[in-house]
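Notes for the one structure printed next.
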Amino acid sequence: MPKFKIGVIGTGSIAQLHLGAYATNPDVEIVAVSDINAERAQAVADQFGAKRAYGDPNQLLADPEVDGVSVCTWNNTHASWSIAAVKAGKHVLVEKPISRTYGEALELQRVVEDHDRVVQVGFVRRHFPNCQVLKTFIDAGDLGDIYYAKASCIRRVGNPGGWFADKEIAGGGPLLDIGVHVIDLCWYLMGSPQATAVSGHTYAELGNRANIVNLPRYRVSDYDPTKNSVEDMANAVVRFDNGASLLIDASYSLHAIKNSIDVSVYGQKGGAELEPELKIATERHDTVVNIEPQIAARTDEITVGFRNEIANFVDASLGRAESVAPAWHGVEIMKILEGIYESADSGKEITLV
């Protein structure tokens, strides 16, 4: 069977994870990479055995040998390069968030509906083994209808700086960068209900905490401690059309005792905590029971997650499977995220349409 021929737009840290997963997939051939830095594009092409390197993504999209692309650029070009790729006849895996704004997401969705191409959103944590296991329990009805969930991602000192801290490029701060992961996990596990209203708050009280030197943090190559235009903390409550609700908080900087992640869902028959370890609470014979599914060691879960995500994208593009994260899922998540910012700006709950 012919190989699925891949091109990757962008060569940063996320692109490296995509390329690593593509390189191990027996159905894939890495054909091309592109980056605005042509020398870097060539170096990455050499690293992963790609045939061609381009300094302009438009050249990659015009390459007739490319069947599908991963869009691994800054947030401000996620939607535009995805649209261009679909119009060029390519299948697309676009990194999260699908766009900076809900309007950009809707524009992409309209293009998707007009073309017979797979567009998948890079919600990689859906593909982690712990999420896959919990989803099987939920789909089997073991937890009953999910009516409440909590999504939290807290960093004490974790603003990466650079483009992440530039609202014009990133679209927002921790809510769009790290919060999106846990929000999406909860929404996905809840059965992807339609959001109807949101009440949110954002805070910019602590800045980028560049003065803290004793705690290590990831910093991007264009880090500048003097520049920061994004929030450092956000929280919200989201209401859904089925009566369920989701409690959210996310921060780059908070005077917390430790960094933490909380992804929890609660149903009529049981509840579950996905992070930091999968545990399920239920009842048996009039007794409360905690279940701890046995999952392989999590030391390589990021690698496994990306390999699973890439495999699903390839299979969906080849017509062998349904995409786990279709474009409309990314659009709905953007509706929630933008709603939180709008509610915070207005100081009141807003209705989502």
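A short reminder: the numbers here are calculations on the coordinates, not readings from a lab. Model, not experiment: these values are computed from the prediction. Every residue, glycine among them, receives a Cβ derived from its backbone with ideal geometry; neighbour counts consider all protein chains shown.
Compute the angle between helix 301-317 and the longest alpha-carbon principal axis of the chain, please, reported from 0 to 90 degrees and rounded to the nearest 10.
Roughly 60 degrees between the two axes.
Under the definition of Cα pairs under 8 Å and six or more residues apart, what whole-number percent is the relative contact order of the stretch 6-127? It would help to have the intermediate numbers written out before the result.
Values: 228 pairs, mean separation 26.4, N = 122.
For the stretch 6-127, the relative contact order is 22 percent.
Of the peptides 239-248, 206-215, 301-310, how do they stack up when ordered by the mean number of other Cβ atoms within 10 Å, highest first?
Put in order of decreasing packing, that is 301-310, 239-248, 206-215.
Within the set of other residues whose C-beta is less than 13 Å from the C-beta of MET233, count the net charge using Lys and Arg as +1 and Asp and Glu as -1. Mind dumping the intermediate values first?
Details: positive: ARG155, ARG156, ARG209; negative: ASP177, GLU205, GLU231, ASP232, ASP249.
Combined, the nearby Lys, Arg, Asp and Glu give -2.
Sort 311-317, 188-194 by the packing proxy (mean of other Cβ within 10 Å over each peptide's residues), most packed first.
By packing density, highest mean first, the sequence is 311-317, 188-194.
LYS90: which aspartates and glutamates have alpha carbons under 16 Å from its alpha carbon, excluding same-chain residues fewer than 8 sequence positions away?
GLU29, ASP63, GLU65, ASP67, GLU113, ASP114, ASP116, ASP315
Which of the GluC sites (Glu not before Pro) found in the stretch 219-279 are in a DSSP loop and have at most 11 neighbouring Cβ atoms, other than their own, within 10 Å?
For GluC sites (Glu not before Pro) across the stretch 219-279 that sit outside H, G, I, E and B with at most 11 neighbouring Cβ atoms in 10 Å, the list reads GLU277.
Sorting check: for 2-8, 91-97, which peptide has the highest mean count of neighbouring beta carbons within 10 Å, and how do the rest follow?
Details: 2-8: 21.0, 91-97: 26.6.
Most protected by this proxy first, the peptides run 91-97, 2-8.
Excluding PRO193 itself, calculate the net charge of residues whose Cβ lies under 11 Å from the Cβ of PRO193, where each Lys or Arg counts +1 and each Asp or Glu counts -1. Before the final figure, lay out each step's value.
Details: positive: ARG239; negative: ASP145, ASP241, GLU332.
Spelling it out: positives minus negatives among the neighbours equals -2.
Would you mind calculating the relative contact order of the chain from Cα pairs under 8 angstrom and at least 6 residues apart, reporting the percent as a whole number?
Relative contact order here is 20 percent.
Tell me, how many Å apart are the Cα centres for the stretch 123-184 and for the stretch 280-353?
Answer, in whole Å: 7.
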